[in-house]
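Engineer: I am attaching a structure below and will ask some questions about it afterwards.
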Amino acid sequence: MTRAGERGAALAWPALGLAACVLLPWYALQDGLGSLGWARELWNSEESGAAFALGLSLGRWWLLPTIACLFAAAITALLPLPRARRGTLLALCGAAGIACFVAQALGIGLRGWTADWLTGLFGELDGRQFGIGAGGAVAGIACVGIVASGLALRGAFGGDAFVAGAVAAVIASIVLFTAWPILRILVQAFQNGDGAFVPSLLLERLSAPKIWTLRCLLGGGRCGVAWNTLFLAVCCGVGTTALGLAFALIATRTGFRYKRTLRVLTVLPIITPPFVIGLALILVFGRSGLVNQFLEWAFAVPPTRWIYGFQGVFLAQLFAFTPVAFLVLIGVVEGVSPTLEEASQTLRADRWATFTTVSLPLMKPGLANAFLVGFIESIADFGNPIVLGGDYRVLSTEIYFAVVGAQLDYGRAAALGLLLLAFALGAFFLQRRIVGTGSYATISGKGDAGLPTPLPAAARRVAMAVALPWAAITALLYGFAFLGGVVKVWGRDYTLTLEHYVKAFAVEHGANGLIWSGAAWHSFWTTVKLAAVAAPLTALLGLLAAWLLVRQRFAGRAALEFATMLSFAVPGTVIGVAYVFAFNVPPLEITGSALIIVLCFIFRNMPVGVRAGMAAMSQIDRSLDEASATLRGRAPQTLAFVVLPLLRPAIVGSLIYGFVRAVTTVSAVVFLVTAEYELATTYIILRVINGDYGLAVAYSCALIALMLVAILAIQLAVGDRRLGRRAGPTQGARA
Amino acid sequence: MTQPAGVEFHNVVKRYGDVAAVTGVSFRVDAGTLVTLLGPSGCGKTTTLRMIAGLELASEGRIEIAGRDVTAVGATQRDVSMVFQSYALFPHMSVLENVCYGLRRSGIAREEAGRRAREGLAQVGLAGYEERQPSELSGGQQQRVAVARALVLRPSVLLFDEPLSNLDARLRRQMRQEIRTLQQSLGLTVVYVTHDQQEAMAVSDRIIVMNKGAIEQDGTPRDLYERPATPFLARFMGESNPATGIARPLGNGRIAVRLGEAEIAVASPRVVSGSVTVAIRPETVRVESRVPNSGGLTGRVEAASYVGTHMEYGIATTVGSLFVVCPRVERPLPVGHEVDLLLEPRGVILVDG
């Protein structure tokens, strides 16, 4: 690039930031930017003024340092400087800008200084700040961009401004929307009702008898929620691992004829909202469920609420998460090298001895991994405990009631959130250790001939006896879940009807065209809209992060990878609570908006996109990127013309995952929805809590249909990658 | 279109963490010449090439292309292009799209890019293959596409990273000749990386031999072969036998080296005496049946193998076991045979004295 071109590129970010300070309102507007009424008040209103006006004539002097940094950066960009010197100066200006920006945003809130020591230091402040709006956001982004472009000029990130910008964007967004909210939980846990910082409070909150009591063991009353959560999670982990192992053994080591049907099981939990199984259990075992009715009719046993409590949640989680364990274990069982088993048999061990002394021990790390997956799924689960838990409280529901219930105790919610986070991270690190170091890697690069040894007869009979009835019951439950939507009143009137669907999804012809009069339409369209916005952004951010992590070398790469992995382990309930704490006051005041829900979707689901993208990208030869670079392809062009076309399958995968997860998630968004932005899942949960099962079931089925349609649409839209024959360029002569 | 330009390295260092892959390298590549970076694997030659390309940025030092400091400039903005070892043809594009890629990214209109790409393909003898997919081409053809793709940009420097290593021996010889012909007819500046000493000698104006991240010697192919500066070079540039002899000055820029029973006068820029290390080129030694007082080094055949074009002998002598190549294949000398080895001055190279 020429010196002039370099100057022009360096000027772009400061110019953008300064333009935002002149042309956009700094603070968030009540009515948004749509009405354009703000344009007339840019220079004379405290609410919708631009930064220049606010700083110079409206008493907001604290905005001036940020503006000054932007100015300094613009001047640096224009001066005739050597490349490296310009880079250093730009990076310094940008960093100073970020510091000034963050300091004023955190230091000054709705009521002047945000902390007492600031008031003590500087005296009372005459002025206040609202949440950051368009102008502030653009100026902040510009400061980050200036740092990135400065570092790139100095030769960091391969000297590529785009890569530098992308790294800065990914890091900044993860810090802002994952790290910062979680940090806020920590702070909240120490604060009392007035917002004062009381260190002893956390200890007090965490040691509350309601959390840790063991009364249930002594026969008096209930145990603490922490024990409940752990006990349920351990049971769920053991149960799903055992069932998953039985399925995996049948699928890989027997001649069972319907193996392929078993694999369908693994798809079900992905496209069903997490509480559908719980709902089906109520239809079968609930007060007016089939079992109770039969017992009453046959033996005159009065209906019980037996299903509500530990046993109900446990059953529901077992049904819901066994497919996940199956998915994990099928890889583990296939990974045991048949050669080792054959070797064992040639050493005079019979099938049973081979199975118990060679195969099972080799699977141990995999079994531990499956257990921890079940454990983590269980403690993060919100839908089933809220639907079936009854008096059996676990951490995720307890947090929910602390925030939305009559208690309204944010400090307690934060402390419980921390506890849940600690459990999840503990299990996560344990799992990483087991998967990372403890596994006996039995899949090697060498060709592995040999046939998998069939299961010994006894083991096969056990596996079949456990797994097949279970599979049948799972199928039956899904069947009942569907039936529940097409009968009049479950338990009383089994007349077939479509009235629930009509109630939910009625469309009428009115004077002004169609009227979406069904009760579910509002939440349905909100869900579709928000998920459709979030899915592409999730995929984009995930793949961008994956590309950076796989293809670029930069300081802090390992830390960034770890951060994305970590955010995956944070339970949804914790994220939801954290978002409420972090984003309901300035500087980022977005609670109650659609934006916060979309952000929550994106940052909840991005880590999976990152993993998928990294896996796909490591199969694409790095020299293709480099070839593009030496052929004048700048980084964004390389991404667009070389990497993305080759990544189509991963794009489809993360789009589908982003959409489906956005539609089915409950735990995180249950804190974020409002009457205006109600989501399908939260709407259904409320119907279930109110006992309106017909509508809930009908709606769930509609959601499953929606997701199937969406999956097909995404497949069609993105298409396949065109590779000719799927042959790498390195495979030598094949004329 | 840009003029072919020179490349200069000034004390360039490349570190990965604590490990230095290249340790303080300085050299010059003149415009319009073909210079080869040669060395064993892990010697830093590919890293050096990638630093010219801008795919790696130097940790220290200065890199200039066409007299301009490009040390902190990334690959896209340097006026260089590169032919990769794996060819790196984009598998989702046709041959023509591959060759057009760089032209289109440089902002050249579609028609013009297409015209120049076809021209480039014709230059490498692939006219008519435009619509094929890379996977439908043979290895040699893929190689030509990769060359055409780099060539059509008329870069000021063209880089080759072991371009022939995926081809069989016959095709390799043909391709290296084609690359040399193209380079000379177009007057290109080319930097070429290989670990094959013969390939390097065949194509290069100059060879830079690297070892352990540093430059071992820099010179014309003849310089390096006939006057290797270090024992490493004597070993690496062709076969050679290390041996220890006793030197005494003869004056006139020559010294006499005694090797066992033989004494031979060799050229030496410096006057040395006493014990010296020499490298003996196997193809310069004449093997004769033993006769008294031949003035040769006496020895006994330990191993003899017939490899078609010549005989290879292992011969035990008083200065150690020597590997010798003999063009006479009609009457091979049997193992155990007593022989005289007649040395030639050009085949005995003083390497550390």
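The values are calculated or read from the model by the stated rules, or taken from the named source; none is laboratory data. Being a predicted model, the structure only gives us computed values, none of them experimental. Cβ placement follows ideal geometry from the backbone for every residue including glycine, while neighbour counts extend to all protein chains displayed. For the accessible areas, the whole protein counts, side chains as well, though only heavy atoms, and no ligand, DNA or RNA atoms are used. Shrake-Rupley method; radii C 1.70, N 1.55, O 1.52, S 1.80 Å.
Engineer: Taking the condition aliphatic (A, V, I, L, M) and either away from chain B (no Cβ under 14 Å) or touching a helix residue (DSSP H, G or I) at 6+ places or on another chain (Cβ under 6 Å) (or both), does A:A156 pass?
Structural biologist: Answer is no for this residue.
Engineer: Restricting the search to region B:266-314, which residues are among the small types (G, A, S) and closer than 20 Å to B:A234 by Cα?
Structural biologist: Within region B:266-314, B:A267, B:S268, B:S275, B:A279, B:G314 meet the criteria.
Engineer: For region B:28-49, which residues satisfy the criterion of being β-branched (V, I, T) and open to solvent by 10 Å² or more (accessible area, probe 1.4 Å)?
Structural biologist: If the condition is that a residue be β-branched (V, I, T) and open to solvent by 10 Å² or more (accessible area, probe 1.4 Å), then B:T33, B:T46, B:T47 are the ones that fit.
Engineer: Could you please find all residues in region B:98-142 being assigned to a helix (DSSP H, G or I) and among the β-branched types (V, I, T)?
Structural biologist: The one that is assigned to a helix (DSSP H, G or I) and among the β-branched types (V, I, T): B:V99.
Engineer: Another question about this same structure. From B:E56, B:E8, grab the single residue that is in a loop (DSSP other than H, G, I, E, B) and of a type in the set (D, E).
Structural biologist: B:E56
Engineer: Looking only at region A:395-413, how many residues end up being closer than 12 Å to A:I185 by Cβ and either open to solvent by 60 Å² or more (accessible area, probe 1.4 Å) or touching a strand residue (DSSP E or B) at 6+ places or on another chain (Cβ under 8 Å) (or both)?
Structural biologist: 2
Engineer: Same structure, new question: Suppose we filter region B:15-27 for residues that are on the phi > 0 side of the Ramachandran plot and either away from chain A (no Cβ under 14 Å) or open to solvent by less than 40 Å² (accessible area, probe 1.4 Å) (or both); how many remain?
Structural biologist: Final tally of qualifying residues: 1.
Engineer: Still on this structure, I have one more. Restricting to region A:307-338, what's the tally of residues that are assigned to a loop (DSSP other than H, G, I, E, B), closer than 30 Å to A:N292 by Cα, open to solvent by less than 20 Å² (accessible area, probe 1.4 Å) and not small (G, A, S)?
Structural biologist: Result for region A:307-338: 1.
Table: residues versus (1) over 20 Å from B:F27 (Cα atoms); (2) charged (D, E, K, R).
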position	(1), (2)
B:G140	yes, no
B:A146	yes, no
B:L159	no, no
B:A169	yes, no
B:R173	yes, yes
B:V190	no, no
B:Q198	yes, no
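Engineer: So which residues in region A:622-676 are in a loop (DSSP other than H, G, I, E, B) and within 14 Å of chain B (Cβ to nearest Cβ), if there are any at all?
Structural biologist: Once the filter is applied, which keeps residues that are in a loop (DSSP other than H, G, I, E, B) and within 14 Å of chain B (Cβ to nearest Cβ), region A:622-676 yields A:L631, A:R632, A:G633, A:R634, A:L647.
Engineer: Cβ-Cβ distance below 8 Å, separation of 6 or more or different chains: which pairs start in region A:25-49 with a residue that is small (G, A, S) and end on one that is open to solvent by 100 Å² or more (accessible area, probe 1.4 Å)?
Structural biologist: Matching pairs, first to second residue: A:G37/A:D31; A:G49/A:W43.
Engineer: Filter region B:78-135 down to the residues that are more than 8 Å from every other protein chain (Cβ to nearest Cβ), among the small types (G, A, S) and surrounded by fewer than 17 Cβ atoms within 10 Å (Cβ to Cβ) and list them by number.
Structural biologist: Listed by number, the residues that qualify are B:G107, B:A109, B:A122, B:G125, B:A127, B:G128.
Engineer: Taking B:A75 as the residue in question, decide whether it is buried (at least 24 other Cβ atoms within 10 Å of the Cβ), free of Cβ contacts under 8 Å to residues at least 24 places away in the same chain and either more than 7 Å from chain A (Cβ to nearest Cβ) or under 30 Å from the mean Cα position of the chain (by Cα) (or both).
Structural biologist: yes
Engineer: If you don't mind, another one. Within region A:720-730, is there a residue that is modelled with pLDDT under 85 and more than 10 Å from every other protein chain (Cβ to nearest Cβ)?
Structural biologist: Yes, some residue in region A:720-730 is modelled with pLDDT under 85 and more than 10 Å from every other protein chain (Cβ to nearest Cβ).
Engineer: Separate question: Scanning region A:620-670 for residues that are over 30 Å from A:Y400 (Cβ atoms) and of a type in the set (S, T, N, Q), which turns out surrounded by the most Cβ atoms within 10 Å (Cβ to Cβ)?
Structural biologist: Ranking the candidates gives A:T630 first.
Engineer: Further, regarding this structure: Please work out which one of (1) of a type outside the set (D, E, K, R); (2) more than 28 Å from A:A635 (Cα to Cα); (3) free of Cβ contacts under 8 Å to residues at least 24 places away in the same chain is the condition B:Y129 fails and give its number.
Structural biologist: Here B:Y129 meets the rest and fails (3).
Engineer: So, A:A139, is that one touching a Cys at 6+ places or on another chain (Cβ under 7 Å) and open to solvent by less than 30 Å² (accessible area, probe 1.4 Å) or not?
Structural biologist: So A:A139 passes the test.
Engineer: Looking at (1) in contact with a Gly (Cβ under 7 Å, 6 or more places away or on another chain); (2) assigned to a helix (DSSP H, G or I), can you tell me which one A:A19 breaks?
Structural biologist: (1)
Engineer: Scan region B:287-317 for residues that are modelled with pLDDT under 90 and among the basic types (K, R) and jot them down.
Structural biologist: The one that is modelled with pLDDT under 90 and among the basic types (K, R): B:R290.
Engineer: Still on this model: Checking the structure you have, find out if any residue of region A:436-448 is over 24 Å from A:I379 (Cα atoms), acidic (D, E) and at pLDDT below 85.
Structural biologist: Within region A:436-448, one or more residues are over 24 Å from A:I379 (Cα atoms), acidic (D, E) and at pLDDT below 85.
Engineer: Follow-up question, since we're still on this one. Of all residues in region B:296-353, which are of a type in the set (S, T, Y), open to solvent by 70 Å² or more (accessible area, probe 1.4 Å) and over 30 Å from the mean Cα position of the chain (by Cα)?
Structural biologist: Scanning region B:296-353 gives a single hit, B:T318.
Engineer: For A:E296, state whether it is of a type in the set (D, E), open to solvent by less than 60 Å² (accessible area, probe 1.4 Å) and more than 26 Å from the chain's Cα centre (by Cα).
Structural biologist: Taking the combined requirement at face value, the residue does not satisfy it.
Engineer: Restricting the search to region A:260-293, which residues are of a type in the set (S, T, Y) and exposed (fewer than 14 other Cβ atoms within 10 Å of the Cβ)?
Structural biologist: A:T261 - this is the single residue of region A:260-293 that is of a type in the set (S, T, Y) and exposed (fewer than 14 other Cβ atoms within 10 Å of the Cβ).
Residue-wise test of (1) within 30 Å of B:A20 (Cβ to Cβ); (2) modelled with pLDDT of 90 or more.
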{"position": "B:R144", "(1), (2)": "no, yes"}
{"position": "B:L151", "(1), (2)": "no, yes"}
{"position": "B:F160", "(1), (2)": "yes, yes"}
{"position": "B:D168", "(1), (2)": "no, no"}
{"position": "B:R180", "(1), (2)": "no, yes"}
{"position": "B:Q197", "(1), (2)": "yes, yes"}
{"position": "B:N211", "(1), (2)": "yes, yes"}
{"position": "B:A229", "(1), (2)": "yes, no"}
{"position": "B:A234", "(1), (2)": "yes, no"}
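Engineer: Checking the conditions here, which among B:V203, B:V152 is within 14 Å of another protein chain (Cβ to nearest Cβ) and among the aliphatic types (A, V, I, L, M)?
Structural biologist: Result: B:V152 is the single residue among B:V203, B:V152 that is within 14 Å of another protein chain (Cβ to nearest Cβ) and among the aliphatic types (A, V, I, L, M).
Engineer: Which fully enclosed strands (runs of 3 or more DSSP E) of region B:242-353 have 3 or more residues being outside the structural domain of B:A229 (by TED's automatic domain parsing) and farther than 28 Å from B:L224 by Cβ?
Structural biologist: B:297-306, B:338-342
Engineer: Would you call A:A563 closer than 30 Å to A:A152 by Cα and open to solvent by 10 Å² or more (accessible area, probe 1.4 Å)?
Structural biologist: Judged against the criteria, A:A563 is a match.
Engineer: Would you mind listing the helices (runs of 4 or more DSSP H) fully within region A:188-279 where at least 1 residues are modelled with pLDDT of 85 or more?
Structural biologist: A:225-253
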